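Some notes on the structure that comes next.
Throughout, read-outs are computed from the coordinates displayed, never taken from laboratory work. Predicted, not measured: the structure shown is a model, and the values here were computed from it. Cβ: placed from backbone, ideal geometry, glycine included. Neighbour counts: every protein chain shown.
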Amino acid sequence: MNKIVIIGCGNVGMSYAYALVNQKCNVDELVLIDVNIELAEGEAEDLNHSIPYSPNNMIINAGDYNDCHDASIVMIAAGANQNVGETRLDLIHKNKTIFKSIINKVMATNFNGIFLIATNPVDAMSYITYKYSNLPASQIIGTGTSLDTARLRYILSRKFEILPQNVHAYVLGEHGDSEFVAWSSAMIGSVKINSMLSKKEKEEISESVRTSAYDIIKKKGNTSYGIGMCLVRITNAILNDENAIITVSAFDKDVYISSPCIINKKGIKRRLKIELTKEEQELYDKSKEVIRNSLKC
């Protein structure tokens, strides 16, 4: 039986929950936890009323931390929202204390499933989860640059008028301002994109990917649908034991940082080694240093 517990019933948590209900997922039970108990109860009731038109027949309830003990996945979306003008790293002071409390409560139930982290700054929050949970690093997955990669593939698919699924390109590093596109390995089918775009075009696309969250937050106050779909994609890779390749935030020596990883029912099976140019390797190392310094705050 696959149970998912969502901690944090805000925009991201509920976009994830709604996407789980709408897509074919191997989920038997969904539990919602929030400091606002009535909010969690209302969201659960509302979601239950969509089940007659859903491809799934999952049980959905509001619950508490005791529900975590037999969960397959605990997804954390709790924490402060990113405001207009704030970077993701600005949130670390607000969310570090919140996370310590949440992780301690979850681990008190003898939880031994997979933590899926969406709260920003996601790389730092994933590392903090690893530190406080004492679980193997393979069982803590941050959404990382899965959303940035989706944004990149969407932009490229529109530019070249092809299906996004036929674009094989990755955004690596921090889920934040130091992220970068690994253009040297980006492909459409078997054709390298490097030869199809000018330097200026690549710079404009990279900038659009990097700043899209700021633009969305300025216009509507939050980003939620894209990350909700990313969370479902990662969830399906876990529950269906897919060995799927997704760019997520995973442990790399002393930090959590994004690169393509193989994901299955045990969590992160392994990181894939991508051949980077000298310039790309420098960007990766710089991004790692940004994350490392954020953890010193």
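Determine, for each peptide in 209-222, 252-265, the mean count of other beta carbons within 10 angstrom over its residues, then list the peptides with the highest first. List each step's numbers first, then the result.
Working: 209-222: 15.0, 252-265: 20.6.
Ranked from most to least packed, the peptides come out as 252-265, 209-222.
Listed by chain and number, the aspartates and glutamates whose C-alpha is less than 16 Å from the C-alpha of Lys219, apart from same-chain residues fewer than 8 away, are Glu86. Listed values for the stretch 147-156 are Karplus-derived 3J(HN,Hα) couplings in whole Hz (6.51 cos²θ - 1.76 cosθ + 1.60, θ = phi - 60°), namely 6, 4, 5, 5, 4, 4, 5, 5, 4, 5, and x replaces Gly and Pro. Coupling constants for the stretch 51-64 follow from the phi torsions by the Karplus curve (6.51 cos²θ - 1.76 cosθ + 1.60, θ = phi - 60°), and in residue order they are 4, x, 10, 9, x, 10, 10, 6, 8, 10, 9, 7, x, 9 Hz; glycine and proline get x.
Between Leu276, Phe160, Ser198, the Cα set farthest toward the positive side of the dipole of the stretch 146-294 (charges on each charged residue's Cβ, about the Cα centre) is that of Phe160. Placing +1 on the Cβ of every Lys and Arg and -1 on the Cβ of every Asp and Glu, with no other charges, gives the stretch 146-294 a dipole of roughly 360 debye about its Cα centre. Here the stretch 65-207 is assigned +1 on the Cβ of each Lys and Arg and -1 on the Cβ of each Asp and Glu. Its dipole about the Cα centre then comes out at about 100 debye.
Sorted by mean Cβ packing within 10 Å, highest first, what order do the peptides 231-241, 189-199 take?
231-241, 189-199
For the stretch 261-277, the residues whose amide N sits under 20 Å from a probe point set 7 Å from the Cα of Ser184 along the beta carbon direction are 261, 271-277. Taking every C-alpha pair closer than 8 Å and separated by at least 6 residues, the mean separation divided by the residue count of the chain gives a relative contact order of 19 percent. Think of the chain as a dipole: +1 on every Lys or Arg Cβ, -1 on every Asp or Glu Cβ, centred on the Cα centre; then among Ala40, Ala137, Ala71, Ala137 lies furthest on the positive end. Here's the picture: charge each Lys and Arg Cβ at +1 and each Asp and Glu Cβ at -1 in the stretch 3-142, and of Pro121, His49, Asn61 the one pushed furthest to the positive end of that dipole is Pro121. Here the label points at Glu201 and Asn48, each 7 Å from Cα along the C-beta direction, are separated by 5.3 nm in the simple model. By DSSP, the beta bridges lying fully in the stretch 146-294 are antiparallel in about 100 percent of cases. From most to least packed by mean Cβ count within 10 Å, the peptides 276-289, 143-156 give 143-156, 276-289.
Under the simplified labelling scheme, the Asp64-Ile162 pair shows an inter-label distance of 5.4 nm, with each label point 7 Å from Cα along Cα→Cβ. So how far apart, in nm, are the two label points at Thr97 and Asn112 if each is 7 Å from Cα heading toward Cβ? Those two pseudo-labels are separated by 3.4 nm. Here's how it looks for Cys261: its modeled amide H is under 5 Å from those of Ile246, Thr247, Val248, Leu272, which are all 5 or more places away or on a different chain.
Using just the helices of the chain, give the 222 nm mean residue ellipticity in deg cm²/dmol: DSSP H runs with n ≥ 4 each add -39,500 (n - 2.57), and the total is spread over all residues, rounded to 500. Intermediate results must be reported in sequence, preceding the final value.
On the way: 8 runs with 121 residues, N = 297.
Taken over the chain, the calculation gives -13500 deg cm²/dmol.
Want the number for Asn293 to Lys220: 0.36 nm per residue separation, take away the alpha-carbon distance, what's left?
On the way: separation 73, 0.36 × 73 = 26.28 nm, distance 3.05 nm.
Gain on stretching Asn293 to Lys220: 23.2 nm.
Spherically averaged projected area of the convex hull of Cα atoms, the chain: 14.9 nm². A simple rule links phi to the HN-Hα coupling: the Karplus curve 6.51 cos²θ - 1.76 cosθ + 1.60 with θ = phi - 60°, which for the stretch 91-99 gives 7, 4, 5, 6, 9, 4, 5, 4, 5 Hz, with x for Gly and Pro.
Out of every Cα pair in the stretch 146-294, what percent are spaced more than 24 Å from each other? The calculated P(r) of the stretch 146-294 puts 32 percent of pairs beyond 24 Å.
Of all DSSP beta bridges in the chain, what percent run antiparallel (nearest 5)?
Around 50 percent antiparallel, to the nearest 5.
Under the convention that each Lys and Arg Cβ holds +1 and each Asp and Glu Cβ holds -1, the size of the dipole of the stretch 3-142 around its Cα centre is about 600 debye. Give the cross-link partners of Lys3 among the lysines, using a straight C-alpha distance below 19 Å as the criterion and excluding same-chain residues fewer than 8 apart. The qualifying lysines are Lys24, Lys105, Lys265, Lys266. Hey, can you grab everything whose amide H is under 5 Å from the amide H of Ile60? Only 5+ residues off in sequence or another chain; H modelled, so Pro and N-termini drop out. Here the answer is Leu30, since their amide H atoms fall under 5 Å of that of Ile60.
Of all lysines in the structure, the ones whose alpha carbon falls short of 28 Å from that of Lys218, not counting any fewer than 8 places away in one chain, are Lys94, Lys96, Lys159, Lys200, Lys202, Lys286, Lys288.
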